[in-house]
Amino acid sequence: MLAAQNPQLYVKSYFASSVQDAIETARQEMGVDALLLKSRPAPAEARHLGEFEIVFGTYAAAQPAAPETPSASNGVDDLRRQMDEIRNLLVRNAVAAASVHGRQTLLEQLLLDAGVEGPLAAEIEDCVQNRLNLRSVHEISRVRKPREWDTDAVLEETTAEITDRFTVQPELGRITALVGPPGAGKTTTLVKLAVTQCLTAGRPVRLISTDTQRIGAAEQLRTFAAILGVPFQTAESTAALAQAIDTAPSNAAVLVDTPGLSPAMLNDFGNELAGFLGSRQEIDTHLVLTATARPSDLAAAANRFEAFRPSRLLFTRLDETDSVGPLFCEAARGKKPVSFLCGGQLIPEDIEPASKTRIAESLVRHLPKALRAAA
């Protein structure tokens, strides 16, 4: 059997400051038939060796080559020609990836500035680079230079990567309860939902307050109920809450307000309520969090309220921050859909259904300008 028909693949990684430098070194050591197999930024532990890690391969004969016949020679020539075509394609792909690598670093910094946590920002950067690498394979087949679409491509792929990492479900169950820490704005949000999601659609509403710990807390919701002209009840125990829910008309939306529970109050007063809400599958529980909190604080709050088994996240106080980064981090981390966004105290105006486009565009709004400035 001819050696060309039984090849062995020899693979070696090179670290260099540029893809072109690696190509030249590989050709000197491995020969002109060295095939570029993979290109990526060097891992942190090997960054001192070079900015890029480029993997090359070449086919070596498994045994001394026998004299070639004319037909065998033609086969080898065809194989080399195919390898040259593949190599040229991959080299162009690697150069295109290298040309936008600096912009990926810029992307990570922009995400950090937007409030996205470091590990998540770095992960998004890597994934966007992979998306661009795949995209460049398709673009190479066209008469179009990658540089012409760098800015638009980075923006498009970054937006796609962000929107793939969280979900939205802007809707309410027939029975909806709002839970969350003190000061999150649950009572005001409940009234906004009653107006925008129920009354404007002609759906009857019943409001229930379980916030009997704070003096006058239930009275605030009672006042709103009187203004709206809807039934209102207080429930001082889970048994009373169960009765209020079970006796509500089947066509009515039942909205339940709960006390703001600090970590200490969760242990003292929250266990029974958490057990009740978690055991009633027909209750749609939304965890209300403030968009102004740090990602670590949001994660801690979400973990504390996991006993309530919330199915969705609802964020308030968006008017007090320029960044939705922490909001996005928690939605991506917790894998729970975002239902609604509140941006102020006006009732009912300052609430909107959660939108992937709204959140993603807020995170990348400065990206086009930064990319053009870096070009």
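The values are calculated or read from the model by the stated rules, or taken from the named source; none is laboratory data. It should be emphasised that the depicted structure is a prediction, and the values quoted were computed from it without experimental measurement. Neighbour counts are summed over all protein chains in view; Cβ atoms, including those assigned to glycine, are modelled from backbone coordinates with ideal geometry.
The conditions are (1) surrounded by 17 or more Cβ atoms within 10 Å (Cβ to Cβ); (2) of a type outside the set (F, W, Y); (3) in a loop (DSSP other than H, G, I, E, B), and S250 fails exactly one of them. Which is it? If we test S250 against (1) surrounded by 17 or more Cβ atoms within 10 Å (Cβ to Cβ); (2) of a type outside the set (F, W, Y); (3) in a loop (DSSP other than H, G, I, E, B), just (1) comes out false. The residues of the range 196-210 that are surrounded by fewer than 21 Cβ atoms within 10 Å (Cβ to Cβ) and either polar (S, T, N, Q) or within 18 Å of T258 (Cβ to Cβ) (or both), listed by number, are T196, T200. Look at (1) surrounded by fewer than 18 Cβ atoms within 10 Å (Cβ to Cβ); (2) in contact with a Pro (Cβ under 7 Å, 6 or more places away or on another chain); (3) free of Cβ contacts under 8 Å to residues at least 60 places away in the same chain and you find that P353 fails only one, number (3). Scanning the range 126-181 for residues that are modelled with pLDDT of 90 or more and small (G, A, S) yields A160, G173, A177, G180.
Looking only at residues in the range 184-207 that are touching a Leu at 6+ places or on another chain (Cβ under 7 Å) and assigned to a strand (DSSP E or B), the one that is farthest from L241 (Cα to Cα) is V205.
For the range 238-262, which residues satisfy the criterion of being of a type outside the set (V, I, T) and in contact with a helix residue (DSSP H, G or I) (Cβ under 6 Å, 6 or more places away or on another chain)?
Taking the range 238-262 and keeping what is of a type outside the set (V, I, T), we get 239-244, 246, 248-253, 255, 257, 259-262.
Result: A253, L255, D257, L261.
Taking (1) touching a strand residue (DSSP E or B) at 6+ places or on another chain (Cβ under 6 Å); (2) at pLDDT below 75 in turn, A26 satisfies each apart from (2). Within the range 166-188, being surrounded by fewer than 19 Cβ atoms within 10 Å (Cβ to Cβ) and farther than 13 Å from L314 by Cα holds for G173, R174, P182, G183.
Looking at this structure, is S339 within 18 Å of T258 (Cβ to Cβ), under 18 Å from the mean Cα position of the chain (by Cα) and touching a residue at least 60 places away in the same chain (Cβ under 8 Å)? Considered against the rule, which asks whether it is within 18 Å of T258 (Cβ to Cβ), under 18 Å from the mean Cα position of the chain (by Cα) and touching a residue at least 60 places away in the same chain (Cβ under 8 Å), S339 comes out as yes. Comparison of R358, R294 shows that the only residue that is closer than 20 Å to T159 by Cβ and either surrounded by fewer than 17 Cβ atoms within 10 Å (Cβ to Cβ) or assigned by TED's automatic domain parsing to the domain that holds E156 (or both) is R358. T247 falls short on exactly one of the conditions (1) in contact (Cβ under 8 Å) with a residue 12 or more places away in the chain; (2) farther than 19 Å from K335 by Cα; (3) of a type in the set (V, I, T), and that condition is (1). Does any residue of the range 305-313 turn out to be of a type in the set (A, V, I, L, M) and in contact (Cβ under 8 Å) with a residue 60 or more places away in the chain? Within the range 305-313, none of the residues are of a type in the set (A, V, I, L, M) and in contact (Cβ under 8 Å) with a residue 60 or more places away in the chain.
Which members of the range 17-39 meet the condition of being assigned to a strand (DSSP E or B) and either assigned by TED's automatic domain parsing to the domain that holds Q129 or hydrophobic (A, V, I, L, M, F, W, C) (or both)?
Looking only at the range 17-39, we keep the residues that are assigned to a strand (DSSP E or B), and these are 35-39.
Within the range 17-39, L35, L36, L37 qualify.
Being farther than 29 Å from D246 by Cα and free of Cβ contacts under 8 Å to residues at least 40 places away in the same chain holds for only one residue in R365, R372, and it is R365.
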